[in-house]
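K.L.:
Sharing a structure below in structure tokens format, with a few things to ask.
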Amino acid sequence: MNMRKLLGVISCALFVVVALTISATTTKAQQPVQTLDAEANLDTQLYLLVGTNQDVDDSRLPAALDGVIKQLRASLPFKNYRLAATLVNRVRNEGRLDLRWIGGPFAAPSGTASAQTPSFSEFKIGVVKLTRNAEGQPMVQMQRFSFGARIPIVTGTTPAQAGAGFPIINYDNTGLNTDISLREGEPVVVGTLNAGPSGDAIILVVSAKRTSR
């Protein structure tokens, strides 16, 4: 083998060794990040707000929603906003979430029959997944986000029998299904839902961020 061929073989061998070394180093550096994301947990918060033109007993809202409320006041013509419920749950990265609960009515004047009748709600997320946008900012994808509620509505009264009649209450269904992406830790409005003949609206706000432990 002449000297030129020998130098060519040596150069090729050195290139392969360097390439393998770089590949192994990169794999070792990336592995902890992948493991961390796979094992990460997220705290999700679902806020159920009611937009209404009625007076409310308590209009105090979490400070975390200041930016959201400012946006709502600029786009929705409601006199007041109140917090109907806050749901805090933990879910594993690429996991799912499924909740059902019975609670008070979302929108009903105090003292009315429907104000004493519970509502039935359901909240689901098919997949909660950590990701990044084009600028490298941490994002949270929520695939198959679903919220539904059965809201009590007074539709009439029974015939009076030795006094006032009893209210007739039926349940109306409302809800939404969507896929969303949001910045990690930043509350966003998912959508608004009609809450019956009162003209009030249920406003869904959600946020999610990685837990510190």
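K.L.:
Within the stretch 90-107, does at least one residue satisfy the condition of being surrounded by 10 or more Cβ atoms within 10 Å (Cβ to Cβ), under 24 Å from the mean Cα position of the chain (by Cα) and modelled with pLDDT under 50? Steps first, please.
P.N.:
Here is the first cut: in the stretch 90-107, the ones surrounded by 10 or more Cβ atoms within 10 Å (Cβ to Cβ) are 90-101, 103-107.
Right, trim to under 24 Å from the mean Cα position of the chain (by Cα) and you get 90-101, 103-107.
Keeping just the survivors that are modelled with pLDDT under 50 gives none.
No, because not a single residue in the stretch 90-107 is surrounded by 10 or more Cβ atoms within 10 Å (Cβ to Cβ), under 24 Å from the mean Cα position of the chain (by Cα) and modelled with pLDDT under 50.
K.L.:
Pairs please, first residue from the stretch 65-80 and among the charged types (D, E, K, R), second anywhere and assigned to a helix (DSSP H, G or I), Cβ atoms under 6 Å, 6+ apart in sequence or on different chains.
P.N.:
Short answer, once both residue conditions are applied: none.
K.L.:
Going by the structure shown, is Leu87 surrounded by 12 or more Cβ atoms within 10 Å (Cβ to Cβ), farther than 18 Å from Ala208 by Cβ and modelled with pLDDT of 90 or more? Talk me through it step by step, then tell me what you get.
P.N.:
Values: surrounded by 12 or more Cβ atoms within 10 Å (Cβ to Cβ): yes; farther than 18 Å from Ala208 by Cβ: no; modelled with pLDDT of 90 or more: yes.
So Leu87 fails the test.
K.L.:
Continuing with this model, one more query. Tell me the strands (runs of 3 or more DSSP E) entirely within the stretch 108-204 that contain at least 2 residues that are farther than 25 Å from Pro62 by Cβ, modelled with pLDDT of 95 or more and touching a strand residue (DSSP E or B) at 6+ places or on another chain (Cβ under 8 Å). Spell out the reasoning first.
P.N.:
Details: elements: 119-132, 138-157, 167-183, 188-194.
Those strands (runs of 3 or more DSSP E) span 119-132, 138-157, 167-183.
The values are calculated or read from the model by the stated rules, or taken from the named source; none is laboratory data. Predicted model, so just to flag it, every value in this text is computed and none were measured. Glycine gets a Cβ as well: all are built from the backbone with ideal geometry, and neighbour counts include every protein chain shown.
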